[in-house]
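The values are calculated or read from the model by the stated rules, or taken from the named source; none is laboratory data. Being a predicted model, the structure only gives us computed values, none of them experimental. Quick reminder, even Gly has a Cβ in these numbers, built from the backbone with ideal geometry, and neighbours come from all protein chains shown. Ligands, DNA and RNA are excluded from the accessible area calculation, which covers all protein heavy atoms including side chains. Shrake-Rupley method; radii C 1.70, N 1.55, O 1.52, S 1.80 Å.
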Amino acid sequence: MRITRISAYRVELPLHEGSYKWSGGNAVTVFDSTVVRVDTDAGLTGWGEVCPLGPAYLPAYAAGVRAGLAELGPHLLGEDPLELGKLNRRMDAALKGHPYVKSPVDMACWDLLGKAAGLPVCVLLGGRYGDDFGLYRAISQEPPAAMAAKVAGYRAEGYRRFQLKVGGDPDVDIERIRAVAAELKPGDRLVADANTGWRVDEALRVVRAVRDVDVYIEQPCPSYEDCLTVRRATDHPFVLDEVVDSVGMIVRGHADRAMDVVNLKISKLGGLTKARQARDLCATLGIGMTLEDSWGGDIVTAAIAHLAHSCPPEYLFTATDFNSYVTVSVAPDAPRRANGRLAAGTAPGLGVTPDPAALGEPVLVVG
Ligand code: MG
């Protein structure tokens, strides 16, 4: 099978709640997502998606996806989309870095592999564990009482994992953690995700002030070294996210005992091929995982579902259903949250059939 054409579509994804806010005063109201279609000489079509969390979160931005695909795409015409390892080496040789550009192409090729094999992607990624898996709900940064007031509604939707967006004024963040923790029920898990927003001294003050609270601390500071300093000063379970962008960082973090859980985002690593490698290494090392992406709609959510459903469940801390946060659906057959849980589809590939009317005309066609 050969790749004959790569097309990109720009899709706007507004939020049900109007906006999403995190550390450093960052906010997004409408996500700019890119859906990628890979056509082949066999008549099969694969679909992928990537959606940066705005331009200020990771080294990724929406227009950069399209610029990168224009650069990368011509190198992939004629390549076999089913040979994922070779294809990833080809992408890395043609374009240094820019993992988020490669992610939707790799995702679309997994969709093709599944369709060619007649198997859902989760089976190809290792196997389907159980009926479904648990999701977390991100709580956008607001004043403490407003964030606490959201918990009951999210729990009514079935969520039992709550990821609190902190990384602001540390005194207010202490109040945020305490206010939300007061709403928890037995079995709930609370994560305070600073998204790199604190200095070391600020993070040290927060973890000391909430020492009695059952809360995970996620990525307090920008650098790995600063996070490690905080980690060594607290006995809270500790999550690394933004700095874990490669297998090498997982190995380093494990050697330093720098984290208990890692957050693996598909596009941060460069696609499902590399996310699977990282996931399987973490499972082997005994590291818990949050499996997700930077953001996305139906196709990203389907890819997360296949990656998470095929993760050994004792190492899956949680995952995300981004398509329930946004008002636009591009693939009506994508998996949907039910009682706070998600399941990968059983159709071959990713199991998504994008609606041409929702995609509109492509903004880029290579081939
Ligand atoms: Mg995070």
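I'm trying to understand the selection: among the residues of the stretch 186-203, which are closer than 25 Å to A56 by Cβ, over 23 Å from the mean Cα position of the chain (by Cα) and either in a loop (DSSP other than H, G, I, E, B) or of a type in the set (F, W, Y) (or both)? Even if it seems obvious, please write down each step before you answer.
First pass over the stretch 186-203, keeping only residues closer than 25 Å to A56 by Cβ: 191-203.
Filter once more, so that each one left must be over 23 Å from the mean Cα position of the chain (by Cα): 199-203.
Across the stretch 186-203, the qualifying residue is only R199.
State which residue pairs qualify: first residue free of Cβ contacts under 8 Å to residues at least 60 places away in the same chain and assigned by TED's automatic domain parsing to the domain that holds M107 and inside the stretch 3-21, second residue open to solvent by 40 Å² or more (accessible area, probe 1.4 Å) and not in a strand (DSSP E or B) in any location, beta carbons under 7 Å apart, and separation of 6 or more residues or different chains.
Note: pairs meeting the criteria are G18/T29.
May I ask you to list the residues in the stretch 224-281 that are away from the ligand (no atom under 16 Å from the Cβ), assigned to a loop (DSSP other than H, G, I, E, B) and open to solvent by less than 30 Å² (accessible area, probe 1.4 Å)?
Answer for the stretch 224-281, where residues must be away from the ligand (no atom under 16 Å from the Cβ), assigned to a loop (DSSP other than H, G, I, E, B) and open to solvent by less than 30 Å² (accessible area, probe 1.4 Å): T234, G270, G271.
If V206 passes every condition in (1) in contact with a strand residue (DSSP E or B) (Cβ under 7 Å, 6 or more places away or on another chain); (2) within 16 Å of the ligand (Cβ to nearest atom); (3) assigned to a helix (DSSP H, G or I); (4) aliphatic (A, V, I, L, M) but one, which one does it miss?
All conditions are met except number (1).
Which condition breaks for S310 when tested against (1) at positive phi; (2) among the polar types (S, T, N, Q); (3) crowded, with 19+ Cβ neighbours inside 10 Å?
Single failed check for S310: (1).
Pull up the stretch 209-221, narrow it to residues that are assigned to a loop (DSSP other than H, G, I, E, B) and surrounded by fewer than 19 Cβ atoms within 10 Å (Cβ to Cβ), then point me to the one that is farthest from the ligand (Cβ to nearest atom).
Step by step, filter the stretch 209-221, then rank; the result is D212.
Residues that are among the hydroxyl-bearing types (S, T, Y): which strands (runs of 3 or more DSSP E) entirely in the stretch 1-82 hold 2 or more of them? Write out each step before concluding.
Numbers: elements: 3-14, 30-40, 45-50.
The strands (runs of 3 or more DSSP E) meeting that bar are 3-14, 30-40.
Of the conditions (1) within 22 Å of the chain's Cα centre (by Cα); (2) within 25 Å of D256 (Cα to Cα); (3) not polar (S, T, N, Q), G158 clears all except one; give me its number.
(2)
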